[in-house]
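The values are calculated or read from the model by the stated rules, or taken from the named source; none is laboratory data. Quick caveat: nothing in here was measured; it's all calculated off a predicted structure. Cβ placement follows ideal geometry from the backbone for every residue including glycine, while neighbour counts extend to all protein chains displayed.
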Amino acid sequence: MDRQQEFVLRTVEERDIRFIRLWFTDVLGMLKSVAVAPAELESAFSEGIGFDGSSIEGLTRVYEADMIARPDPTTFQVLPWRGERHGTARMFCDILTPDGEPSHADSRNVLKRTLARASDKGFTFYTHPEVEFYLFNQPADAESPLVPVDQGGYFDHLARGSTHDFRRAAITMLESMGISVEFSHHEAGPGQNEIDLRYADALTTADNLMTFRTVVKEVALEQGVFASFMPKPMADQPGSGMHTHLSLFEDDRNAFHEPGAQFELSKTARQFIAGLLVHAAEITAITNQYVNSYKRLWGGAEAPSYISWGHNNRSALVRVPMYKPGKGNSSRVEYRALDSAANPYLAYAVLLAAGLKGIEEGYELPEATEDDVWELTDAERRALGIKPLPQSLDAAIQIMEHSELVAETLGEHVFDFVLRNKRLEWDAYRAQVTPFELKRFLQVL
């Protein structure tokens, strides 16, 4: 037994932890959980916990259903909302096959495989997400209209605003679990908030994001409201994105920084950005995985709709933030399409894979776009070589199904499941008769 496992067992005993929740996600990024008693923890570390993988979205088929969840002791944290006495803790799990091999269907393993590829090239991949979400008053029933908790706007400081209390409680809870928060503020939509997590390696960030969503929903329940990470919950208000800052480090040196270069960007950074641009359309079904995601991407309000990059240009898909003199390690790029409902493990895996492809193949970066891309005409965008992102989930999966990059990154099992699941979602969505259609056509046709 290693030191980290011994630390967990000792902490469980000293803090009177009665339940340990083992967390993992399905292929869509939905959190799954099984609780074990302290007496079972030692065997969970050595042998794992068996479960029926065929009952979890995308994990395995019925005839090969047995799977094993093995907890990662480095992710141990006490859950603060469960109380101090007779507490509950959690650990993230790696999913294994019965013979102890990593499951190809495990989202966390998909990211770990891609990070290992980067590591083989000498790179560590760091990410910094800006997570947006809405807070609504609890509806009386499912048919009631959504009522945001306030009518605030971007950076508004609202007197006695409930969102102040909410963000303070959520951040306090996150930091008690070792998840560092950099900024928080009211976003542009009524009841919309943003909380930015500090830079961390991509696997830690993905684990933190799964915890983040749970914490936000728990705090919302405590305060009598509900939180939603839906990309576009209200047609006339901004959607919720998860702009993510990306960088590669070689040991303690930022591989994206080159003093004196344009925008202080190294050749590695420029090739990485080029990779993101070349493969943006084919990874969109992963970074924006729901039919509702495309109402955010094509709904205005600073959501990126076109494939371009620029220096400090917030209409671009990839933005290079302003360089801070003397802070070479802060050089980074920001990918703006990602939404808050993405599976962070798969999303970060395909973003990294796209960037690495640009480096491996020596992709040339086109000229930066400093114009407001939304204000250009279609002819002007074509002349500049600026292509659109997919305009629907259907278009996104049609592009992704021909992508060697995504198939190699996700692995055959996850790739096939995502395509199958998303086709079913699109077919179900397409079959709906919407209130829009009834209102516009029922009386006049």
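Couple of notes before you dig in:
- The number of residues in segment 201-227 being farther than 18 Å from Val110 by Cβ and in contact (Cβ under 8 Å) with a residue 24 or more places away in the chain comes to 15.
- Evaluation of Phe436 against (1) among the aromatic types (Phe, Trp, Tyr); (2) surrounded by 13 or more Cβ atoms within 10 Å (Cβ to Cβ); (3) part of a helix (DSSP H, G or I) (one fails), failing number: (2)
- Among the residues of segment 267-298, those that are assigned to a loop (DSSP other than H, G, I, E, B) and not aromatic (Phe, Trp, Tyr) comprise His279, Asn288, Gln289, Val291, Asn292.
- Residues (free of Cβ contacts under 8 Å to residues at least 24 places away in the same chain and surrounded by 18 or more Cβ atoms within 10 Å (Cβ to Cβ)) located in segment 73-119: Asn109
- Residue ranges of helices (runs of 4 or more DSSP H) in segment 363-416 with at least 3 members closer than 22 Å to Leu28 by Cβ: 393-400, 404-410
- Residue that is farthest from Asp236 (Cα to Cα), among those in segment 105-145 that are assigned to a loop (DSSP other than H, G, I, E, B) and within 24 Å of the chain's Cα centre (by Cα): Phe123
- Members of segment 160-193 found to be aliphatic (A, V, I, L, M) and assigned to a strand (DSSP E or B), listed by number: Val181
- Only one entry in Ala159, Ala170, Ala140 is modelled with pLDDT of 85 or more, among the aliphatic types (A, V, I, L, M) and more than 28 Å from Ala354 (Cβ to Cβ), namely Ala170.
- Residue check for Thr211: assigned to a helix (DSSP H, G or I), of a type in the set (Val, Ile, Thr) and touching a Ser or Thr at 6+ places or on another chain (Cβ under 7 Å): no
- For Gly328: the one exception among (1) at pLDDT 95 or above; (2) closer than 24 Å to Glu370 by Cα: (1)
- Residues of segment 76-118 that are of a type in the set (S, T, N, Q) and out of contact with any Phe, Trp or Tyr (no Cβ under 9 Å at 6 or more places or on another chain): Gln77, Thr97, Ser103.
- Single residue of segment 167-212 satisfying the filter (surrounded by fewer than 22 Cβ atoms within 10 Å (Cβ to Cβ) and among the aromatic types (Phe, Trp, Tyr)) that is farthest from the chain's Cα centre (by Cα): Phe183
- Thr409 meets each of the listed conditions (1) under 21 Å from Ser240 (Cα atoms); (2) polar (S, T, N, Q); (3) crowded, with 17+ Cβ neighbours inside 10 Å apart from (1).
- Of all residues in segment 29-46, one or more are closer than 16 Å to Pro102 by Cα, modelled with pLDDT under 90 and loosely packed, with under 13 Cβ neighbours inside 10 Å.
- Test: residue in segment 242-249 that is crowded, with 21+ Cβ neighbours inside 10 Å and over 30 Å from Gly191 (Cα atoms): yes
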